[in-house]
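J.: So that we are looking at the same thing, I have put the structure below in structure tokens.
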């Protein structure tokens, strides 16, 4: 099984110059805890990831103005990603070893094409599958 079989296609995303407030509204509207950050609307080159934790620790805890603060200021810039044709078990192992719950999926030019979350894995994988056991272990550890 490869990543494209499990990933959410066309995930919501934002750009580095967007306000944190705008990104938080997108997160609420789409009921997601992380938004990939892309260089521009057309190419969608992945440049970062904004998580609910980034908002809590880097915006709220620092008392920053969400309307005046750009996503670029608080996003996570070192982002692990996989390709759509990568083996799913490798992606899960990478998520587990890095302690992340979301994995952006990019094409050969590092442009966003999807995202895999722990919720996607739980829904998509058969209970008896070895990969599913890894996901359950990750969920318990989180």
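J.: Check residue 92 against each of (1) part of a helix (DSSP H, G or I); (2) at pLDDT below 95; (3) out of contact with any helix residue (DSSP H, G or I) (no Cβ under 6 Å at 6 or more places or on another chain) and name the one condition it does not meet.
T.: That leaves (3) as the condition not met.
J.: Considering each residue of region 65-80, count those that are assigned to a loop (DSSP other than H, G, I, E, B), out of contact with any helix residue (DSSP H, G or I) (no Cβ under 7 Å at 6 or more places or on another chain) and either at pLDDT 95 or above or at positive phi (or both), and give that number. Walk me through how you get there before you give the answer.
T.: Residues of region 65-80 that are assigned to a loop (DSSP other than H, G, I, E, B), as a first pass: 65-69, 75, 77-80.
Applying the additional criterion that residues be out of contact with any helix residue (DSSP H, G or I) (no Cβ under 7 Å at 6 or more places or on another chain) yields 65, 68, 77-79.
Filter once more, keeping what is either at pLDDT 95 or above or at positive phi (or both): 65, 68.
The number of residues fulfilling the criteria is 2.
J.: Does residue 12 count as in a loop (DSSP other than H, G, I, E, B) and surrounded by 15 or more Cβ atoms within 10 Å (Cβ to Cβ)? Give the steps one after another, and end with the answer.
T.: Details: in a loop (DSSP other than H, G, I, E, B): yes; surrounded by 15 or more Cβ atoms within 10 Å (Cβ to Cβ): yes.
Yes.
J.: For region 51-84, how many residues meet the condition of being closer than 30 Å to residue 4 by Cα and touching a strand residue (DSSP E or B) at 6+ places or on another chain (Cβ under 9 Å)? First the steps, then the outcome.
T.: Step one: of region 51-84, the residues closer than 30 Å to residue 4 by Cα are 51-55, 71-72, 74-84.
Next, from what is left, pick out any that are touching a strand residue (DSSP E or B) at 6+ places or on another chain (Cβ under 9 Å): 51-54, 71-72, 74-84.
So the count comes out to 17.
J.: List the number of the failed condition for residue 125; all other conditions in (1) modelled with pLDDT under 90; (2) exposed (fewer than 15 other Cβ atoms within 10 Å of the Cβ) hold.
T.: That leaves (2) as the condition not met.
J.: If you scan region 56-96, which residues turn out to be without any contact (Cβ under 8 Å) to a residue 24 or more places away in the chain and buried (at least 18 other Cβ atoms within 10 Å of the Cβ)?
T.: Of everything in region 56-96, just one residue is without any contact (Cβ under 8 Å) to a residue 24 or more places away in the chain and buried (at least 18 other Cβ atoms within 10 Å of the Cβ), namely 58.
The values are calculated or read from the model by the stated rules, or taken from the named source; none is laboratory data. Note that the structure is a prediction, hence the values are computed from the model and not measured. Heads up, the Cβs are rebuilt from the backbone with ideal geometry, glycines too, and the neighbour counts pull from every protein chain shown.
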